[in-house]
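K.L.:
This is the structure I want to talk about, given as structure tokens.
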Ligand SMILES: Cc1cc2nc3c(=O)[nH]c(=O)nc-3n(C[C@H](O)[C@H](O)[C@H](O)COP(=O)(O)OP(=O)(O)OC[C@H]3O[C@@H](n4cnc5c(N)ncnc54)[C@H](O)[C@@H]3O)c2cc1C
Ligand SMILES: Nc1ncnc2c1ncn2[C@@H]1O[C@H](COP(=O)(O)O)[C@@H](O)[C@H]1O
């Protein structure tokens with residue numbers, strides 16, 4: 001029996017969020033038939049460039065979806081769209097990202113379809129019985145678990161960077177299917193958006209999907225400028241502990257941790273961060289962890305790959321300067 | 001106004017947490033506590049009723065703390081009563097053990113529906129996550145089970161009792177939003193805006209003796225096949241303690257650490 005896997009594409013207008021390419025790559029390892037679901041305000045679906053991108057990472061088709069009569073960003077609206085897609089394209093697995101919004105979509109969809117959900121997965125495989133099995137890190141990264149999904153529909157929210165996006169050998173632009181147009185359910189229509197102010201766009205990559213994240217804690221004493229400079233040479237994003245956001249040194253959206261953004265970058269640099277368990281739970285999936293802290297007993301050194309006991313006000317600018325020097329030397333040669 | 005606050009009893013995250021051989025989290029230890037994020041939910045619930053004192057002749061407000069969990073979870077309810085909740089409800093049944101997030105939401109949903117049938121519930125408040133599983137699935141799942149509107153991750157909640165609507169402010173990953181919906185609703189709150197009060201000593205004493213209503217699956221009319229391990233659509237196959245990260249380096253800065261770190265980053269392909 002052939003298996004169809006759906007990938008919910010996160011996009012802003014025509015711009016596809018990078019997580020989609022990772023999810024498509026993962027989906028391809030699980031099924032031959034991979035469809036990208038594109039929920040939008042209109043029925044036209046992605047433009048040619050976006051279809052080319054989705055095809056390059058393995059989508060055999062795109063399903064454009066329009067839900068009429070409710071705000072397209074609300075959880076209930078997205079779920080209305082997904083249920084309509086499932087009616088047209090029976091699938092056994094839906095992959096989506098791991099933001100709070102994604103998790104809510106997963107929860108609602110699974111309740112309404114009899115599905116099962118695993119959140120924050122870093123691996124998904126199929127076992128001998130054909131069930132999907134998701135692996136993830138739990139208990140603030142101190143344990144791992146593997147969990148089989150037994151429901152009619154497996155819904156898995158996947159952490160960024162857990163799969164490396166790889167294009168297919170012979171890419172073809174994903175063909176857009178007939179759009180699915182549905183009317184919003186009463187649940188979606190019940191919520192009214194009084195106001196929505198999009199966050200101002202930053203030149204830095206977004207925290208959740210950055211490959212490199214430089215995090216500042218109480219030890220920065222409020223001065224994030226050296227961390228921003230380091231993030232810029234590394235092409236990364238800047239994050240913070242809750243202490244730093246509570247102090248108002250940086251916006252709350254920068255908070256990394258169990259109650260902030262969950263990050264899984266290839267490189268995490270923590271400066272003046274103690275490594276409290278609440279913080280660790282949101283970053284322990286980082287591949288390489290670097291820490292600069294003046295206290296040799298700071299808990300972060302228990303899980304840092306590379307730790308420096310030292311004063312961040314000296315180490316961080318010196319590192320930035322050295323990285324810049326090397327870059328310029330390379331550019332000059 | 002009647003507000004139901006969902007509170008969970010979880011292992012203290014500072015303690016040594018473990019999984020049992022059957023893949024379930026070890027619960028019921030002395031270190032288990034009320035999920036800190038649910039203290040914020042209760043704070044939000046208490047502030048909601050405090051903002052609208054009942055008019056002369058109206059029923060007093062009721063703030064119910066509701067938990068689904070083993071016998072020890074009564075401690076979470078007592079903490080909630082000490083903080084100011086007026087009623088405590090404990091769904092306690094051996095058949096509940098092993099419920100995943102969705103099965104838990106079904107039990108919570110049945111309990112809220114039962115309370116609602118006795119006397120209408122206006123708002124259900126949940127925390128943003130259980131610090132044990134950290135799934136953040138239950139609030140949205142509960143809204144789906146009840147078929148009530150969901151307004152999640154709020155950092156401001158205002159109820160308009162006359163219009164019977166609620167308005168919340170929330171920050172999503174891409175925007176700052178103000179949303180409204182008609183009552184009854186399910187809201188969840190972030191840990192940003194509702195710093196929980198400390199219970200007064202008199203509250204703690206009174207909470208020790210306050211009655212706790214216990215409901216089992218039969219009382220909720222729930223088919224045991226829909227909850228617990230057998231009613232869950234996920235099954236833990238394996239849990240294991242993660243090994244420490246290998247080859248860790250710890251150096252003390254003598255003025256050259258930044259250079260050595262630059263080498264390390266270059267070797268890892270970052271510089
Ligand atoms: C319910 C709940 C949820 C929470 N959620 C989160 C969350 O999501 N994210 C989060 O981060 N926290 C969260 N917290 C808070 C968490 O418990 C810690 O308090 C917080 O992470 C500590 O932040 P910090 O490391 O910046 O500060 P501290 O723990 O005070 O550590 C500061 C460190 O800086 C070092 N330092 C000081 N000066 C220097 C210097 N010049 N050079 C080098 N090092 C220096 C010190 O040695 C110290 O180790 C939560 C707490 C609760 C109760
Ligand atoms: N067993 C439970 N009993 C009562 N409330 C719960 C339970 N599990 C989850 N909740 C509520 O749902 C929120 C989110 O939990 P979770 O989805 O498990 O991360 C918590 O903050 C609680 O408010």
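Residues are listed down the side, and each one gets a yes or a no for (1) in a strand (DSSP E or B); (2) closer than 25 Å to residue B:126 by Cβ:
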residue	(1), (2)
B:170	yes, yes
B:204	no, yes
B:219	no, yes
B:232	no, yes
B:239	yes, no
B:245	no, no
B:250	yes, no
B:254	no, no
B:265	no, no
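K.L.:
If you don't mind, another one. Let me confirm something: among A:174, A:201, A:210, which residue is without any contact (Cβ under 8 Å) to a residue 60 or more places away in the chain, crowded, with 20+ Cβ neighbours inside 10 Å and farther than 30 Å from residue B:147 by Cβ? Give the steps one after another, and end with the answer.
P.N.:
Details: A:174 fails: without any contact (Cβ under 8 Å) to a residue 60 or more places away in the chain; A:201 fails: crowded, with 20+ Cβ neighbours inside 10 Å.
Answer to the selection: A:210.
K.L.:
Could I ask something else about it? Only residues that are at pLDDT 95 or above and not in a helix (DSSP H, G or I): list them for segment A:17-30, please.
P.N.:
Result: A:29, A:30.
K.L.:
Still on this model: So is residue B:136 under 30 Å from residue A:143 (Cα atoms), within 7 Å of another protein chain (Cβ to nearest Cβ) and either under 15 Å from the mean Cα position of the chain (by Cα) or in a loop (DSSP other than H, G, I, E, B) (or both) or not?
P.N.:
Details: under 30 Å from residue A:143 (Cα atoms): yes; within 7 Å of another protein chain (Cβ to nearest Cβ): yes; either under 15 Å from the mean Cα position of the chain (by Cα) or in a loop (DSSP other than H, G, I, E, B) (or both): yes.
Yes: the conditions hold for residue B:136.
K.L.:
Give segment A:281-299 a look and list any residue that's within 12 Å of ligand 1 (Cβ to nearest atom) and crowded, with 24+ Cβ neighbours inside 10 Å, or say none.
P.N.:
Once the filter is applied, which keeps residues that are within 12 Å of ligand 1 (Cβ to nearest atom) and crowded, with 24+ Cβ neighbours inside 10 Å, segment A:281-299 yields A:281, A:282, A:283, A:291, A:292, A:293.
K.L.:
In segment A:260-280, what residues are within 7 Å of ligand 1 (Cβ to nearest atom), surrounded by 24 or more Cβ atoms within 10 Å (Cβ to Cβ) and modelled with pLDDT under 95?
P.N.:
Within segment A:260-280, just A:260 meets the criteria.
K.L.:
Has segment A:180-194 got any residue that is within 16 Å of ligand 2 (Cβ to nearest atom) and assigned by TED's automatic domain parsing to the domain that holds residue A:31? Give the derivation first.
P.N.:
Applying the first criterion (within 16 Å of ligand 2 (Cβ to nearest atom)) to segment A:180-194 yields none.
No: segment A:180-194 contains no residue that is within 16 Å of ligand 2 (Cβ to nearest atom) and assigned by TED's automatic domain parsing to the domain that holds residue A:31.
K.L.:
While we're looking at this one, here's another question. I need a count of the residues in segment B:234-249 that are surrounded by fewer than 13 Cβ atoms within 10 Å (Cβ to Cβ) and facing another protein chain (nearest Cβ under 7 Å).
P.N.:
Count: 2.
K.L.:
So, one more: Filter segment B:17-35 down to residues that are farther than 17 Å from residue B:99 by Cβ and facing chain A (nearest Cβ under 9 Å) and give me whichever is nearest to ligand 2 (Cβ to nearest atom).
P.N.:
Step by step, filter segment B:17-35, then rank; the result is B:17.
K.L.:
Those residues that are in contact with a strand residue (DSSP E or B) (Cβ under 8 Å, 6 or more places away or on another chain) and either more than 7 Å from chain B (Cβ to nearest Cβ) or not in a helix (DSSP H, G or I) (or both), I need them from segment A:312-333; list them, please.
P.N.:
Answer for segment A:312-333, where residues must be in contact with a strand residue (DSSP E or B) (Cβ under 8 Å, 6 or more places away or on another chain) and either more than 7 Å from chain B (Cβ to nearest Cβ) or not in a helix (DSSP H, G or I) (or both): A:312, A:316.
K.L.:
Being surrounded by 15 or more Cβ atoms within 10 Å (Cβ to Cβ), touching a strand residue (DSSP E or B) at 6+ places or on another chain (Cβ under 7 Å) and away from chain B (no Cβ under 12 Å) is true for just one of A:154, A:244, A:165. Which residue is that?
P.N.:
None of the others qualify; the one that does is A:244.
K.L.:
Further question: For residue A:219, are the conditions met, namely being crowded, with 24+ Cβ neighbours inside 10 Å and either farther than 29 Å from residue B:241 by Cβ or within 12 Å of ligand 1 (Cβ to nearest atom) (or both)?
P.N.:
no
K.L.:
While we're here: Is there a residue in segment B:141-151 that is at pLDDT 95 or above, over 28 Å from residue B:95 (Cβ atoms) and not in a helix (DSSP H, G or I)? Explain how you work it out, then say what you get.
P.N.:
Let us first name the residues in segment B:141-151 that are at pLDDT 95 or above, namely B:141-151.
Then drop every residue that is not over 28 Å from residue B:95 (Cβ atoms), which leaves B:149, B:151.
From the residues that got through so far, the ones that are not in a helix (DSSP H, G or I) too are B:149, B:151.
Yes, segment B:141-151 has at least one match.
K.L.:
Sticking with this one: Is at least one residue of segment A:286-306 more than 7 Å from chain B (Cβ to nearest Cβ), modelled with pLDDT under 95, closer than 30 Å to residue B:177 by Cβ and not in a helix (DSSP H, G or I)?
P.N.:
Yes: segment A:286-306 contains one or more residues that are more than 7 Å from chain B (Cβ to nearest Cβ), modelled with pLDDT under 95, closer than 30 Å to residue B:177 by Cβ and not in a helix (DSSP H, G or I).
K.L.:
Still on this structure, please answer the following. Please enumerate the residues belonging to segment A:202-241 that are facing another protein chain (nearest Cβ under 10 Å) and either within 16 Å of ligand 2 (Cβ to nearest atom) or assigned to a loop (DSSP other than H, G, I, E, B) (or both).
P.N.:
A:206, A:211, A:235, A:236
K.L.:
Between B:43, B:39, B:50, which is within 16 Å of ligand 1 (Cβ to nearest atom), away from every other protein chain (no Cβ under 11 Å) and surrounded by fewer than 21 Cβ atoms within 10 Å (Cβ to Cβ)?
P.N.:
So the residue among B:43, B:39, B:50 that is within 16 Å of ligand 1 (Cβ to nearest atom), away from every other protein chain (no Cβ under 11 Å) and surrounded by fewer than 21 Cβ atoms within 10 Å (Cβ to Cβ) is B:43.
Matching residues to (1) out of contact with any strand residue (DSSP E or B) (no Cβ under 9 Å at 6 or more places or on another chain); (2) surrounded by 16 or more Cβ atoms within 10 Å (Cβ to Cβ); (3) away from chain A (no Cβ under 14 Å):
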site	(1), (2), (3)
B:173	no, yes, no
B:176	no, no, no
B:180	no, yes, no
B:183	no, yes, no
B:187	no, yes, no
B:190	no, yes, no
B:196	yes, yes, no
B:202	yes, no, yes
B:208	yes, no, yes
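K.L.:
In segment A:59-72, is there at least one residue being farther than 23 Å from residue A:187 by Cα, surrounded by fewer than 17 Cβ atoms within 10 Å (Cβ to Cβ) and touching a strand residue (DSSP E or B) at 6+ places or on another chain (Cβ under 6 Å)?
P.N.:
Within segment A:59-72 (the criterion being farther than 23 Å from residue A:187 by Cα, surrounded by fewer than 17 Cβ atoms within 10 Å (Cβ to Cβ) and touching a strand residue (DSSP E or B) at 6+ places or on another chain (Cβ under 6 Å)), the answer is no, since none of the residues qualifies.
K.L.:
Still on this structure: Can you work out which of the residues in segment A:298-311 that are touching a strand residue (DSSP E or B) at 6+ places or on another chain (Cβ under 8 Å) and touching a residue at least 24 places away in the same chain (Cβ under 8 Å) is nearest to residue A:267 (Cα to Cα)?
P.N.:
A:304
K.L.:
Among the listed residues B:115, B:108, identify the single one that is within 19 Å of residue A:76 (Cβ to Cβ), within 14 Å of ligand 2 (Cβ to nearest atom) and touching a strand residue (DSSP E or B) at 6+ places or on another chain (Cβ under 8 Å).
P.N.:
Going through B:115, B:108 in turn, the sole match is B:108.
The values are calculated or read from the model by the stated rules, or taken from the named source; none is laboratory data. Not measured: the values here are computed from a predicted model. Cβ: placed from backbone, ideal geometry, glycine included. Neighbour counts: every protein chain shown.
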